[in-house]
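Asks: Mind looking over this structure? Questions follow.
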Amino acid sequence: MTTKILALTDALGNLVRFVLLPGHRFDTVGVPPLIEGLSFDALIADKAFDSNAIIADLDERGAKVVISQHPRRAKPLPLDTEMYKWRHLIENFFCKLKEFKRIAMRADKTDTSFIAIIHLAAAVINSR
């Protein structure tokens, strides 16, 4: 059994919200709870979020769509390539999560070291 972490960050890669999804679900089903009640000027995402429903919601909000297009899209949308380059800051957030996962999943871990890792991860996220 797997789990997906769908996270919303600010432009600097600081966590705003997250949703846990079963590993077999599409990423797009977790977007509405992430952006509910928030206002923002743009959403930067990769091809997994190239969905007509998400794009329509962003258009209604007046937010700029900065989503890499799926190659099979019939009518490609314009992409601000300079703004899309900022996505590496979001990727850095996920790299930190993977780093903590590697530490937490060590074969020689104990319950206390795992709890300490969780507290350390929370401290790093909250310190931003």
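Asks: It is to be established whether one or more residues within region 63-79 are touching a Ser or Thr at 6+ places or on another chain (Cβ under 8 Å) and assigned to a strand (DSSP E or B).
Replies: no
Asks: Sticking with this one: Please name all residue pairs, on different chains or six or more residues apart, with Cβ atoms under 7 Å, provided the first residue is in region 58-73 and is at pLDDT 85 or above and the second residue is in a helix (DSSP H, G or I) and not basic (Lys, Arg).
Replies: Final answer for the pair search is VAL65/ILE55; VAL65/LEU58; VAL66/MET83; VAL66/TYR84; ILE67/PHE49; SER68/TYR84.
Asks: Inspect region 46-54 for any residue being in a strand (DSSP E or B) and under 19 Å from VAL29 (Cβ atoms) and give the result as yes or no. Give the derivation first.
Replies: Taking region 46-54 first, the residues in a strand (DSSP E or B) are none.
Looking for residues that are in a strand (DSSP E or B) and under 19 Å from VAL29 (Cβ atoms), one finds none in region 46-54, hence no.
Asks: Of the residues that sit in region 6-45 and are out of contact with any helix residue (DSSP H, G or I) (no Cβ under 7 Å at 6 or more places or on another chain) and in a strand (DSSP E or B), which one is nearest to LEU79 (Cα to Cα)?
Replies: Looking at residues that are out of contact with any helix residue (DSSP H, G or I) (no Cβ under 7 Å at 6 or more places or on another chain) and in a strand (DSSP E or B), I get ALA45.
Asks: Among the listed residues ASP50, ASP59, ASP41, which satisfies the condition of being surrounded by 12 or more Cβ atoms within 10 Å (Cβ to Cβ) and among the charged types (D, E, K, R)? Before the answer, list the steps.
Replies: Working: ASP59 fails: surrounded by 12 or more Cβ atoms within 10 Å (Cβ to Cβ); ASP41 fails: surrounded by 12 or more Cβ atoms within 10 Å (Cβ to Cβ).
Checking each option against the conditions leaves just ASP50.
Listed here are the residues, each with its yes/no results for (1) basic (Lys, Arg); (2) at pLDDT 80 or above; (3) under 20 Å from LEU15 (Cα atoms).
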{"site": "GLU91", "(1), (2), (3)": "no, yes, yes"}
{"site": "CYS95", "(1), (2), (3)": "no, yes, yes"}
{"site": "LYS101", "(1), (2), (3)": "yes, no, yes"}
{"site": "ARG106", "(1), (2), (3)": "yes, no, no"}
{"site": "THR112", "(1), (2), (3)": "no, no, no"}
{"site": "ILE115", "(1), (2), (3)": "no, no, no"}
{"site": "ILE118", "(1), (2), (3)": "no, no, yes"}
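The values are calculated or read from the model by the stated rules, or taken from the named source; none is laboratory data. Keep in mind the model is a prediction, meaning the values are calculated, not measured. All Cβ positions, glycine included, derive from the backbone under ideal geometry; neighbour counts span all protein chains shown.
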